[in-house]
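Data block below; observations after.
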Amino acid sequence: MLTRKPYLGLSRKLVLAFDVGTTYSGVSYCILDPGEVPKIQGVARYPAQEHVGGDSKIPSILWYDQQGVVRAVGAEALQEHILEQAEDSNWVKLEWFVSHHPHLSLNSHFKDDDIPVLPGNMSGTKVLGDFMKYLYECARNYIQDTHANGSNLLKSVENNIEFVLSHPNGWEGPQQSQIRRAAVAAGLIPSTQDGQSRIHLVTEGEASLHFCVANVFASESMSKPLGVIIVDAGGGTIDLSAYSMSLSPQSFEEIAPTECRLQGSVFVTLRAHTFLRNKLRESRFGDPAIVGQMKEIFDKTTKLRFRNAEDPSYIKFGTLRDKDPQYEIRSGQLKMQGADVASLFEPAIESIKEAIEQQRQKASMPISWVFLVGGFAASDWLFSSLQKHLQPLGIHFCRPDSHVNKAVADGAVSYYIDHLVSSRVARYTYGTECGVAFDPTDPEHQIRRQTGTRVSESQEFRQQFFREVTSISECGQVEGEIQCYRGPLSKPAWVDEQPVASFLKPTRLGGGRIHYRIKFDVVLLFGLTELKAQVSWMEEVISQGHPPCASSCFRFPAQDHVGGDCKIPSIIYYDNEGVPVAIGGEALQESVIERAEDEDWKKLEWWKLHLRPRNMTSSHVSDHDIPPLPPNKTAVQVLADFMRYLFQCAENYIKETHANGPDMWESIKTNIDFVLSHPNGWEGAQQSQIRRAAVLAGLVPDTPDGQDKIQLVTEGEASLHFCIGSNLAADAMKDNQGVIIVDAGGGTIDVSAYYMTMSPVSFEEIAPAECRLQGSVFVSRRARGYLQGTATQSPQDINQMTGEFDKTTKLRFNNPSEPSYIRFGTVRDKDLAFNIRSGQLKLPGADVATLFEPSVTAIINAIEQQRRSATKPIDAIFLVGGFAASDWLFSRLQAHIQPLNLMFCRPDSHTNKAVADGAVSFYLDHRVSARIARFTYGTRCSIEFDKHNSQHMLRSNMAIPRPSGRMVIPHAFSSILTKGTRVSESKEFRKAFITESTEVTSCNNIATEIVCYRGEALSPRWTDTEPAMFSTLCTVRADTSKVSKNLSPQKGFAGLQFYRQEFSIILMFGLTELKAQISWVADGEEQR
């Protein structure tokens, strides 16, 4: 991994990197603060984006109206009401517009007819400018919304923004000039020399190298120079670059001319479109609109899921009623043979193999590693096919990170900050056309230039020329065209050997006429990723002399959204024997769903709610609302099956993505600690269940040493650690400040309040944590009820609609004044009486808003409860969790919080990873020094009767004599740790007790229950007044047989002999688990 040094600049600067791709585009950035270590962030929240925190990109799509005005861009262009308006208003949809720019030499299988035409007289540069303008607005809004004091931050860098714009390896000077003109058109920079100096161009290959260095390579594995190839497999192009690399000491040099192939993932989709047209030509589903719909679904899901040529693939496009067995259409999905799908990938795979071999042949040293990045790298089939080719060659091959689709954007920022590559290799021969003095002995008059020259960043290539003119005024300006030769000759000498695009006009000299000679050098600088040409000269005028003057011109199986979704669905299919047969993303594959239907498998989701505490407030949910567990399966066993699967996925991921991954795993597999998170409302019983599940899953052995390898953390505290580690929240983390963390998840809303001190960094919980069962699944549950009451569809259709609402409509919704849509059928499905058109149901926005309202209200109530209970004022609130991706939830909470003068933000792009990342940070950093007891803890006991105590007198009929003669009353409660008490990690709470017995053997063991009181009383004394508020958490037992042997008998009532044993109950609540112990004294020493 790359270790960066603090930024040495004198003022704050913002670096924005745009990765404008053929199919998807993204932005990464870095705020450079003097003296601070730079940290690269990704913009991962865009308008109308479904997979927030997962997809860090948006579709490269624009809608233009008939006047050439941009009407919708990116994910907004895919909203159903936009599609409806576009159809009604005849707007022009533009995608793949980047393909209007590549050089003709890349287009052997690709024609202009394959690209959507540009609207009207609009140029590709104008379209690129419009798109970059949108990306810039999104980046600004994201920084403003997610950073604490985001508006002030933007103001501080307003005139100090650097732009890094990436492009395919195959783009050259003309395309780079178009990018620069587009940046001016977008308003990123002014059209001045100073403005242009703030634009930095980098090839996608070199950006990907920087990404790999910053995120993957370990210095111990690359202490010697190694040859590596970076394969950036994108939507349009495949960019390959080869480097000599050593991390100790750090050294990077390009060792072969870069490669660029037009065989990205979009061409797989194009081939699929042709395949579908041919397959369904005679089918009733062969309508071009339906085939186009199938193509889009193939592109979004089928293509990404495909990983085995022997298994069928599916395109789900219609309702459950759509079928045509002749064309393998069943339940609204088309079945494709795996071999057919594999053939669609084959041209791209062969092109990449060929390009890799080309790089290996031209490289000046052997290749040891190949790294696959880019959006297309998410394809398991592509990865496995290349792996089969490379492994027999002894070449290490891996996908280096979950966020392979962010490689270029993140790497472009790293390029600006780190600037790792010291030399590159010229792809072609560069020079200028000129006239030379005739020399009959040297008929070729060769200029000594050749392809493959190694070029350092500061190296200049200079050739001297003369120009003779008849007028001194013609010497006032010198022009020279820089031309590129792409042919096979190693030393091209004459432009007429192979024609070039343009020619310089010859200079004619009059015989005997006075002429002036100007000597100039053409200087090429190719060390960075742009070819720069300059002219330098010394003026020599024969009749007069002038003084010399110089001048210059961030993966799971079957996961669709790889690198974006860092989570998988908590779904398990069990067969009739109770064996798990599909888990996570694999459970959503069409082949699995079809087999589950045929073999009557049991689908289990929301199973985590079976573990919830029964005393938790959940009037709106009961066991009947949760899918039942399979026969003879407990919730703990289901949790174990799921944790086992997660562990296997983690192992495979580490092996595949890390350099020397298998060796790394072997070195750590016996030394793994596990941090398991749970909702704030889960207590001892649920924590014990988690520990049992970890044993059943095979994570740890069922021994004390095994249990020591498990640490439990609440989701609220894990989220706090995530926010601490997030640069976006850093500005809000101020000394002596109260913060509330709202972790809005799928099932629970966990709310925690902390007080911060920054010197040293320390956090204390300042209010009992809150947990509400109002997560995002309950919005979907309410949507199901709404659909059942308003639509006349079958139960199967309602299920399908609810699923689509959960995956898309719910995430996109952000405005109650605009309609929302649920796409569930083909473009032919319509029923205008029920607002169904083109296979989608139209919902009034106000109705969708009501589905969110109970969750919004629950969160607001929890926040207000935290503010009332907190022992310090609250200054800031952070919203994280998967539900935090909802723009409507964010805006509703913002409307409540902003009038209170509280800072409110979603602190990071990957809010749905807050708990997992924060749990690791909890293990590493352990920032919270004190917590607040949520309830009162103690034990049931008997208390000595006091006739002067009114409560005792009320219970006088219950009095029991003890062997000592004392009268005691049962049903007393002895508090050991009271609700609201501040508890440091090392603090113990203890209380002494005694037990009396007439038999010494009864003192061989002590057993006592730890009881929790959940009522409102500040000092509960009796368990019989509010019996429902008391519950047993656990029973603590101790073997005291050794000390009981030394007990002396005592004389009690009427001379009765008895034995008295003294002990203490100790509670420790400093960590996130309650621990209870019994202590006693033996031989003058305390035992536990």
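The values are calculated or read from the model by the stated rules, or taken from the named source; none is laboratory data. Because the structure is a prediction, the values reported are computed rather than measured. No Cβ is skipped: glycine too gets one built from the backbone with ideal geometry, and neighbour counts run over all protein chains shown.
Some points to look at:
- Glu137 vs. criteria assigned to a helix (DSSP H, G or I), touching a strand residue (DSSP E or B) at 6+ places or on another chain (Cβ under 8 Å), at negative phi and among the charged types (D, E, K, R): no
- Within the stretch 804-825, the set of residues being assigned to a loop (DSSP other than H, G, I, E, B) and within 27 Å of the chain's Cα centre (by Cα) comprises Phe813, Asn814, Asn815.
- Any hit, the stretch 981-992, residues being over 30 Å from Pro768 (Cα atoms) and surrounded by fewer than 18 Cβ atoms within 10 Å (Cβ to Cβ): no
- Counting only strands (runs of 3 or more DSSP E) that fall entirely inside the stretch 1014-1088 and contain at least 3 residues that are touching a Pro at 6+ places or on another chain (Cβ under 9 Å), the qualifying elements are 1057-1068.
- Annotation note: Cβ proximity below 9 Å between a residue of the stretch 628-655 that is assigned to a loop (DSSP other than H, G, I, E, B) and a residue that is among the acidic types (Asp, Glu) and buried (at least 16 other Cβ atoms within 10 Å of the Cβ) (sequence gap 6+ or interchain) occurs for Lys633/Asp641.
- In this structure, Ser677 does satisfy being surrounded by 19 or more Cβ atoms within 10 Å (Cβ to Cβ) and small (Gly, Ala, Ser).
- Top-ranked residue of the stretch 705-723 - restricted to ones that are out of contact with any Gly (no Cβ under 8 Å at 6 or more places or on another chain) and part of a helix (DSSP H, G or I), ranked as surrounded by the fewest Cβ atoms within 10 Å (Cβ to Cβ): Asp705
- All helices (runs of 4 or more DSSP H) inside the stretch 874-965 with 2 or more residues being modelled with pLDDT of 85 or more and outside the structural domain of Met756 (by TED's automatic domain parsing): 950-954
- Residue check, Lys1051 among the basic types (Lys, Arg), farther than 19 Å from Thr939 by Cβ and at pLDDT 80 or above: yes
- Top-ranked residue of the stretch 207-236 - restricted to ones that are modelled with pLDDT of 90 or more and touching a Lys or Arg at 6+ places or on another chain (Cβ under 9 Å), ranked as nearest to Ala355 (Cα to Cα): Ile229
- The conditions of being over 30 Å from Ala718 (Cα atoms), modelled with pLDDT of 85 or more and part of a loop (DSSP other than H, G, I, E, B) are not met by Ser974.
- Filter pass, Ser1064 being modelled with pLDDT of 85 or more and polar (S, T, N, Q): yes
- Of everything in the stretch 25-58 that is part of a strand (DSSP E or B) and modelled with pLDDT of 90 or more, the residue that is surrounded by the most Cβ atoms within 10 Å (Cβ to Cβ) is Ser28.
- Residue count, the stretch 745-803 (criterion: assigned to a helix (DSSP H, G or I) and among the hydroxyl-bearing types (Ser, Thr, Tyr)): 5
- Flag for Phe1063 being aromatic (Phe, Trp, Tyr), buried (at least 18 other Cβ atoms within 10 Å of the Cβ) and over 20 Å from Ala930 (Cα atoms): yes
- Which listed residue is more than 27 Å from the chain's Cα centre (by Cα) and either modelled with pLDDT of 85 or more or surrounded by fewer than 18 Cβ atoms within 10 Å (Cβ to Cβ) (or both), from Ala685, Ala744, Ala694: Ala685
- Count of the stretch 196-211 residues which are assigned to a loop (DSSP other than H, G, I, E, B) and in contact with a Ser or Thr (Cβ under 8 Å, 6 or more places away or on another chain): 0
- Scanning the stretch 656-674 for residues that are in a helix (DSSP H, G or I) and among the polar types (S, T, N, Q), we see that the one that is surrounded by the fewest Cβ atoms within 10 Å (Cβ to Cβ) is Ser667.
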